[in-house]
Structures are given as structure tokens and as C-alpha cells.
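See structure below.
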Amino acid sequence: MSRLPEPAVPPDATPLSTRLRELAAADPDHPAVSDGDSTLTRAELDRHTNGLARAFAGRGVSRGDLVAIALPNTVDHVAASVAAWKLGAVPQPLSTRLPPAEREAILLVGKPALVLDEPLPSDDDRSPLPEVVGPSWKAPTSGGSTGRPKVIVSGQAACTEHVLARADGLRIDRADDGVFLATAPLHHNAPYMFSLMALLQGHHVVLMQRFDAARTLALVAEQRVTWLYLVPTMMGRILRLPDEAFPDEAWPDLTSLRTALHVGAPCPPEVKRGFLARLPRPEVLVELYSGTESQASAMIDGRDWLAHPGSVGPVTRGHMSIRDDDGREVPTGTVGEIWMRPDGGPTYHYLGAEPREADGWESLGDMGSFDDDGYLYLADRRADMVVVGGANVYPAEVKAALLTHPGVHDAVVVGRPDDDLGRVVHAVVQGDPAIEGDLLEHLAQRLSRHKIPRSVAFVDHPLRDDAGKVRRGDL
């Protein structure tokens, strides 16, 4: 018996494994997933995961169990998820780089029946298994950097009707000839989710084992990629590529792209504009704002963004409300906390945490405001806000000002204790320390005095991982 909530599914629901078997029957030699070293066709993936599912079952995995997948970005990672589906189990992607204490805390919360630290040999019997719909199709983790790890179990069952209906609202490429490029580690929800959605669409999923800016563009041209996943950090690294990175031409051919989807963090305007100038059409660039919990989302393409610069778009799914600390809706243009409510039933279930909830609305801690046209603008996360002598400072605003200086490659803004003001602003900057004096003068022209960092630490290494994530607590 599953210990997870059982969402209502249609009586004739199509299991995800059945969908993949049908795709294999329709075109067995079509590439399903590749990682630069290995490629599995649709037929090979189907047969291999039949045997892998039996190997999982031999280790005690059954319907409703979690299967923790701590594997690198290879075809084995995708195969493990498919094998879990074939047993009605729920794949739980995990970072391969978690500190031991954090990993143990997450495993204690999820209690997976199996933890994969390396690929498991497949069973010799590769015949089809009985059809089964699992209670959920994915269970990513979150919250380790706050000291409160949690597992976010998707509210969609592992059936085609649920998962591809979710894909319908995301403007992902739905054409039969789709090729998806996954640029980031699969332990992050967005690249993991989009990779599996692409697989179920029948697209060729191309995995980058590690992000490389020049290689990303080369793969788009070589594989005729139709849609890819990005975060602003990646976009910035791509824009900073030197001309000599491409000896034959300025940039590889990007005309195959129908969607370049970016999520995960606010995008600096100069990065957005720079990327728009490089794409075949501005509407190719699409920004999504949503949490792993998926209560609601906002979305905007490049053409719409040029008319509403800085926005993440209107609400496209579910409902959002901007409220003050007392729970009252704030006027248009006023920053407050973003509260969300789905259209229908629950979109997720926490293991190890409780939602921040009030009267049917939930908050992920983000701050923002709506304009008169209903376009959402993000300010910062509530937990990241720095209160300086009673005045609120949003690190995103300070970071945006820092990034306008040509000598700043990246920046992270945090608060640090101060005996007088309680907290003051501190910046960690990737750049040359020699610019400090000029940088502070630069900021003085753009920020109020209490928002200017009282201290700046310079580093010569990237501040974020390949998925654009940064651990503020470590800084």
C-alpha cells in the first residue's frame, strides 16, 4: 500500500510506461536519450528499463515507494526514472554532491526503498511488465540549504493524462520532431521535469553531463535542438564567450530553436536583451516563474517582455495574490508577499515539511508586485530580505545594480549582523578587487544610501553551480 496521497485518475488512464512502449513500437530506432557517450533508442530504452525494473523489484521496490537517484547526467539517470515508473514507484532525484549530513537528512525524510549511487545491472528478463499507474511521477528534494530538507511529491499521478496535461500549459515544444537539450543537473526539478516531459513527447533528450557555454551552442546546431533549458547564469556565460570560441563563425546556427526556456532565478535585463538579440525571433525566449510545488505560474516570452521589461509575465495557471504582513491585498505597484492557489486539487505533497498556508492560499516566500496590466514583477524572497535600521532592502535590487558595472561578472547580496542597525548589506562579487572604489561610486548613483553594501568581498571563482544555484548560507 502506498504511503503517498492517491490523486484521482481517469479509469482508463495510460501509464507512463505504456506511453513509452507505444512510442517504441511506432519508431523503435528513434533516439530517446543520449549523453555524449551513450545513446538509447526508444526500443533499447524500453527493453533495458523492463530489466532494470525487475532488478529494482528484486531489491524490494514496489508501488508507491520512492527510488532515490543519485547519478550523474547520463542515460542511466533517465532509465532509472522510467524503471521506477514501471513498478508504480516514484523517482526521487538527488544531487551526487550532497554533504553526508544533508544527504542523510533527506533520506530520513523520504525513506526511499532504494538508493542508486551507481547504475544497477539490469535483469536478464526484459519482457514487458504489468501496467501500473504510480501515485506520483516525481519527488524532487528541496530545502537542504536552509537546514530543513523536504521532499516535494508531485500531485500528478504517473499517467500520460496527468503529465502531458501539465506540459500543455508550459509552452514546451510539442512537435513530433522535437529535440530537447538539458543543460543542467537532473537533481534540480526543472531540468529533470522538462527532460521527462520531452521523453514522453517522443523527443530526443540530449543530456549535457556538465554545462559548457560553447558546447551548448554547438549542440544546438549539431543536434538541431528545438528547445532547451537555461538559467540566467548560463545565459550570461554564453554571452561572454570570446569570438575565438567559434573559429568558423561568430555563433553556431540557432535557427532550429523554437523555445529557449529559462527559469530558476531573476534574469538581469542586460542578459535578457543580449540573448534576445542572438535568437532567431524574440518569442523563442520564454521565462517561467513557478515553484516545484506548482500551485500557480506566470510566463512571458521575449516579445512580450520587451513591452514589459523586468516582468515575469501575467499569471497563466492558478491564482496569485500580493499581500502585506497582515494578509491584506496590497495596491497595484506595491511590493508584498506572493500567495498562490491552484485551480483544482493539490498540486504536491510535502514529506518533512508543512506548507506556509492561510485560507487556502500558500506562499513560497517570494516577494513581488503586479502592474496595472496584471504583469508580475519579482522583488526577492522574503527570507532574503535585509532589514537595515527598519528599512527593507531587497538583495535582488542591489545585485541588479552591481551587475550593471562592467567589471562585475556575478554577485550575491546577503545581510550581515550590525550592532547599530541590526543588519547591513554585504556583497560577494566575482571580479577584480581593484574596481572596489569605482564600484561603490557606481552604486551611489543607483541606490539609496542604506542599500549600498557596507562591505564587499571579491572572489575569482564562480558563485553559482551549473544550474545557477547559490547557497547564501555558505556566504
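Suppose the filter is in contact with a strand residue (DSSP E or B) (Cβ under 9 Å, 6 or more places away or on another chain) and over 18 Å from TYR192 (Cα atoms); does ASP46 pass it? Walk me through it before giving the result.
On the way: in contact with a strand residue (DSSP E or B) (Cβ under 9 Å, 6 or more places away or on another chain): yes; over 18 Å from TYR192 (Cα atoms): yes.
Yes, satisfied.
Only one of ALA79, ALA55, ALA32 is in contact with a helix residue (DSSP H, G or I) (Cβ under 6 Å, 6 or more places away or on another chain), more than 18 Å from VAL153 (Cα to Cα) and in a helix (DSSP H, G or I). Can you tell me which? Quick ask: steps written out before the conclusion?
Details: ALA55 fails: in contact with a helix residue (DSSP H, G or I) (Cβ under 6 Å, 6 or more places away or on another chain); ALA32 fails: in a helix (DSSP H, G or I).
None of the other options fit; the residue is ALA79.
Conditions tested, residue by residue: (1) closer than 19 Å to PHE180 by Cβ; (2) free of Cβ contacts under 8 Å to residues at least 60 places away in the same chain.
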{"position": "GLN223", "(1), (2)": "yes, yes"}
{"position": "TRP227", "(1), (2)": "yes, yes"}
{"position": "GLU244", "(1), (2)": "no, yes"}
{"position": "TRP251", "(1), (2)": "no, yes"}
{"position": "THR255", "(1), (2)": "yes, yes"}
{"position": "ARG258", "(1), (2)": "yes, no"}
{"position": "GLY274", "(1), (2)": "no, yes"}
{"position": "PRO280", "(1), (2)": "yes, yes"}
{"position": "VAL286", "(1), (2)": "yes, no"}
Which one of these does GLN156 not meet: (1) modelled with pLDDT under 90; (2) closer than 25 Å to PRO314 by Cβ? (1)
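Do you know which residues across segment 225-249 are more than 23 Å from the chain's Cα centre (by Cα) and either within 19 Å of VAL33 (Cβ to Cβ) or at pLDDT below 85 (or both)?
Going through segment 225-249, the residues more than 23 Å from the chain's Cα centre (by Cα) turn out to be 241-249.
If the condition is that a residue be more than 23 Å from the chain's Cα centre (by Cα) and either within 19 Å of VAL33 (Cβ to Cβ) or at pLDDT below 85 (or both), then ASP243, GLU244, ALA245, PHE246, PRO247, ASP248, GLU249 are the ones that fit.
Let's see how each residue does on (1) modelled with pLDDT of 95 or more; (2) among the aromatic types (Phe, Trp, Tyr); (3) surrounded by fewer than 21 Cβ atoms within 10 Å (Cβ to Cβ); (4) not assigned by TED's automatic domain parsing to the domain that holds ASP37:
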| site | (1), (2), (3), (4) |
| --- | --- |
| ARG126 | yes, no, yes, no |
| LYS138 | yes, no, no, no |
| GLY144 | no, no, yes, no |
| ARG166 | no, no, yes, no |
| ASP176 | no, no, yes, no |
| HIS204 | yes, no, no, no |
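Of the residues that make up segment 391-413, is at least one more than 24 Å from GLY310 (Cα to Cα) and out of contact with any Pro (no Cβ under 8 Å at 6 or more places or on another chain)? Quick ask: steps written out before the conclusion?
Restricting attention to segment 391-413, the residues satisfying the condition of being more than 24 Å from GLY310 (Cα to Cα) are none.
No.
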Would you check if there is a residue in segment 232-239 being among the charged types (D, E, K, R), in contact with a Leu (Cβ under 9 Å, 6 or more places away or on another chain) and assigned by TED's automatic domain parsing to the domain that holds LEU196? no
Selection count, segment 434-457, where residues are modelled with pLDDT of 90 or more and either within 13 Å of ALA400 (Cα to Cα) or crowded, with 17+ Cβ neighbours inside 10 Å (or both): 7
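Taking segment 288-316 as the region of interest, how many residues are without any contact (Cβ under 8 Å) to a residue 60 or more places away in the chain, small (Gly, Ala, Ser) and part of a loop (DSSP other than H, G, I, E, B)? Give the derivation first.
Pass one, segment 288-316, residues without any contact (Cβ under 8 Å) to a residue 60 or more places away in the chain: 290, 296, 302-307, 309.
Narrowing further to those that are small (Gly, Ala, Ser): 290, 296, 302, 307.
With part of a loop (DSSP other than H, G, I, E, B) added as a condition, the list becomes 296.
Selection size over segment 288-316: 1.
Tell me yes or no: at least one residue of segment 97-116 is acidic (Asp, Glu), in a helix (DSSP H, G or I) and surrounded by 15 or more Cβ atoms within 10 Å (Cβ to Cβ).
Within segment 97-116, one or more residues are acidic (Asp, Glu), in a helix (DSSP H, G or I) and surrounded by 15 or more Cβ atoms within 10 Å (Cβ to Cβ).
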How many residues are closer than 21 Å to ASP253 by Cα and not in a loop (DSSP other than H, G, I, E, B) when one looks only at segment 275-287? 9
Among the residues of segment 240-262, is there at least one that is at negative phi, out of contact with any Gly (no Cβ under 8 Å at 6 or more places or on another chain), aromatic (Phe, Trp, Tyr) and in the same structural domain as GLU357 (by TED's automatic domain parsing)? yes
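This table checks each residue for (1) assigned to a strand (DSSP E or B); (2) exposed (fewer than 15 other Cβ atoms within 10 Å of the Cβ).
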{"residue": "LEU217", "(1), (2)": "no, no"}
{"residue": "GLU222", "(1), (2)": "no, yes"}
{"residue": "LEU228", "(1), (2)": "yes, no"}
{"residue": "THR233", "(1), (2)": "no, no"}
{"residue": "GLU244", "(1), (2)": "no, yes"}
{"residue": "ALA260", "(1), (2)": "yes, no"}
Can you work out which of the residues in segment 405-433 that are at pLDDT below 90 and in a loop (DSSP other than H, G, I, E, B) is surrounded by the most Cβ atoms within 10 Å (Cβ to Cβ)? LEU421
I want to confirm something. Restricting to segment 50-74 and keeping residues that are out of contact with any strand residue (DSSP E or B) (no Cβ under 9 Å at 6 or more places or on another chain) and of a type in the set (S, T, N, Q), which single residue is nearest to SER95 (Cα to Cα)? SER62
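The values are calculated or read from the model by the stated rules, or taken from the named source; none is laboratory data. Note that the structure is predicted; figures quoted are calculated from it, not measured. Don't worry about glycine lacking a Cβ; one is built from the backbone with ideal geometry, like all the others, and counts go over all protein chains shown.
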